[in-house]
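A short write-up of the structure that comes next.
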Amino acid sequence: MSTAETTPTETTPTESSPTGTRTGTTTVDKAQYGLAAFLAVVGAYVVYDATTLSDGFADQPVQPYAFPYVVGGVLLVLAALLAIATARGDMPAAEEGEDVDLTQPSDWVTVAKLVVVFLANILLIDWLGWAITGAILFVGTAYVLGSRTLIRDVAVGVALSVGTWYGFYSGLGLAIPAGILDGVL
C-alpha cells in the first residue's frame, strides 16, 4: 500500500515548454505528514517541559533552561516547514549511491540475529560488564552483517568497549557495569 497520492495541479507558466505552460500532477507523500505531526508533538512537549525547569545560575546571561526552548522551537518550525513542503508536493529524492534494492523483501533473519545479539548484551551486561559485552555486541553485529575478519573485529570491539567504559567512568563520572573485570579496569 502506497502512502503517496497524486492530485492534479493548476496550469503554471514554465520556461521549458514551448507554450510557456504545463499541466501535471503533484504527488503527496502522506507519511511525511505523520513525520511532521511527530515533530510537532515532540517540539511542543519539549517547550512545555522547558517551562517546568527551575531557574539556573543567576550570574549566567543565558540560563540552562534556554536550550530546551531553542530545541523545541526548532522542532516546531521544522514540523511546519515539512508540512508545507509536503502540501506543495515536495518528495525526498532517493540517494543515488544507495545500495539497497527496494524491490527485495526485508531480511528478517538478519534482523532476528541482531535482536538476539542485542538481547544477549542486555542479559550479560551486569554479569560480564560493559567492557566484555560491548565487545561481544560489536563482534556479533559485525558478524551478522557479513564481516568475516574475527581477529580485527575482536580488537576493534575491545578497543571501543574499553574506551567507552573509561570515557564514561573517568571522563563523565558515570559508573557503567564493570562486571567480572571490577577492580581490573
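The values are calculated or read from the model by the stated rules, or taken from the named source; none is laboratory data. These numbers were taken from a predicted model, which means no experiment stands behind them. Note that each Cβ is placed from the backbone with ideal geometry, even for glycine, and that neighbours are counted across all protein chains shown. These area figures cover heavy atoms from the full protein model, side chains too; ligands, DNA and RNA do not enter into them. Shrake-Rupley method; radii C 1.70, N 1.55, O 1.52, S 1.80 Å.
At-a-glance table
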| read-out | value |
| --- | --- |
| Tabulated pairs, segment 148-164, first in the same structural domain as residue 174 (by the TED database), second loosely packed, with under 15 Cβ neighbours inside 10 Å, C-beta under 9 angstrom, 6+ apart or interchain | 153/147; 162/185 |
| Failed item in (1) touching a helix residue (DSSP H, G or I) at 6+ places or on another chain (Cβ under 9 Å); (2) modelled with pLDDT under 90, with residue 83 passing the rest | (2) |
| Residue match in segment 104-125 (condition: more than 25 Å from the chain's Cα centre (by Cα) and surrounded by 10 or more Cβ atoms within 10 Å (Cβ to Cβ)) | yes |
| Of residues in segment 128-148 being open to solvent by 60 Å² or more (accessible area, probe 1.4 Å) and more than 15 Å from residue 165 (Cβ to Cβ), the one farthest from the chain's Cα centre (by Cα) | 148 |
| Options 75, 174, 82, 185: the member that is assigned to a loop (DSSP other than H, G, I, E, B) and either within 30 Å of residue 46 (Cβ to Cβ) or open to solvent by less than 50 Å² (accessible area, probe 1.4 Å) (or both) | 174 |
